[in-house]
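Q: Right, I'll just put the structure down here and ask away after.
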Amino acid sequence: MAPEPMPAEEQPKRRTGLLIDWGGVLTTNLFASFHAHCVQAGIDPKELAGRFRRDPAARELLIALETGELEEVEFETKFAELLGVEPDGLVDGLFAGVKPDVAMVEAVIAARSEARCASSLSLARSSISVSIKASRLFSSTASASNCR
């Protein structure tokens, strides 16, 4: 005897959307890039990591950058001051080693074929985003600065 069919309200629903984070999810490890830049620029990598972990001023700057309350250039200037380094190129240098994570990008492409829409959520500013053919991945993108 065949099992009874599952009632419609209990059947799994088809997924209609996909929301995925950008940095460290669709990209290689951000912290590895930060570390590499610190070594190259003569900044103690432990100092940079420690600032984000234990320094309320550094964390407030990072949160303000991620939420769009602080422009990248202002973050760069203020964070460089905390580190005791020159601001020019600090943010670009920190993100220079960030590359697309090919396996994750391919997974999103596969999932995208099953979803009606897909969106990338990025807390980072557009100038530090990694170049990925977003049109193949997402029907829209959102940043914290435009999600208020």
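The values are calculated or read from the model by the stated rules, or taken from the named source; none is laboratory data. Because the structure is predicted, anything quoted here is derived from the model rather than measured. Every residue, glycine among them, receives a Cβ derived from its backbone with ideal geometry; neighbour counts consider all protein chains shown.
Q: Here is a check on your reading of the model: is Pro5 free of Cβ contacts under 8 Å to residues at least 40 places away in the same chain, exposed (fewer than 14 other Cβ atoms within 10 Å of the Cβ) and closer than 30 Å to Glu114 by Cα?
A: Yes; evaluated as a whole, the condition is true for this residue.
Q: Answer yes if at least one residue in the stretch 58-69 is farther than 30 Å from Val108 by Cα, in contact (Cβ under 8 Å) with a residue 12 or more places away in the chain and of a type outside the set (S, T, N, Q), and no otherwise.
A: So far as the stretch 58-69 goes, yes, one or more of its residues are farther than 30 Å from Val108 by Cα, in contact (Cβ under 8 Å) with a residue 12 or more places away in the chain and of a type outside the set (S, T, N, Q).
Q: Let me ask something else about it. Starting from residues that are modelled with pLDDT under 60, farther than 19 Å from Leu70 by Cβ and not hydrophobic (A, V, I, L, M, F, W, C), keep the ones in the stretch 89-140 and report whichever is surrounded by the most Cβ atoms within 10 Å (Cβ to Cβ).
A: So the residue we want is Ser139.
Q: Hey, can you tell me all the residues within the stretch 73-100 that are more than 20 Å from Arg54 (Cβ to Cβ), touching a helix residue (DSSP H, G or I) at 6+ places or on another chain (Cβ under 6 Å) and part of a helix (DSSP H, G or I)?
A: Answer for the stretch 73-100, where residues must be more than 20 Å from Arg54 (Cβ to Cβ), touching a helix residue (DSSP H, G or I) at 6+ places or on another chain (Cβ under 6 Å) and part of a helix (DSSP H, G or I): Glu76, Val91, Gly93, Phe95.
Q: Out of Leu61, Leu70, Leu48, which single residue is part of a helix (DSSP H, G or I) and under 18 Å from the mean Cα position of the chain (by Cα)? Spell out how you get there, then give the answer.
A: Working: Leu70 fails: part of a helix (DSSP H, G or I); Leu48 fails: under 18 Å from the mean Cα position of the chain (by Cα).
Leu61 is the lone residue from the list that is part of a helix (DSSP H, G or I) and under 18 Å from the mean Cα position of the chain (by Cα).
For every residue, the table says whether it meets (1) in contact with a strand residue (DSSP E or B) (Cβ under 6 Å, 6 or more places away or on another chain); (2) modelled with pLDDT under 90; (3) within 27 Å of Ala103 (Cα to Cα).
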{"site": "Pro12", "(1), (2), (3)": "no, yes, yes"}
{"site": "Gly17", "(1), (2), (3)": "yes, yes, yes"}
{"site": "Trp22", "(1), (2), (3)": "yes, yes, yes"}
{"site": "Leu62", "(1), (2), (3)": "no, yes, no"}
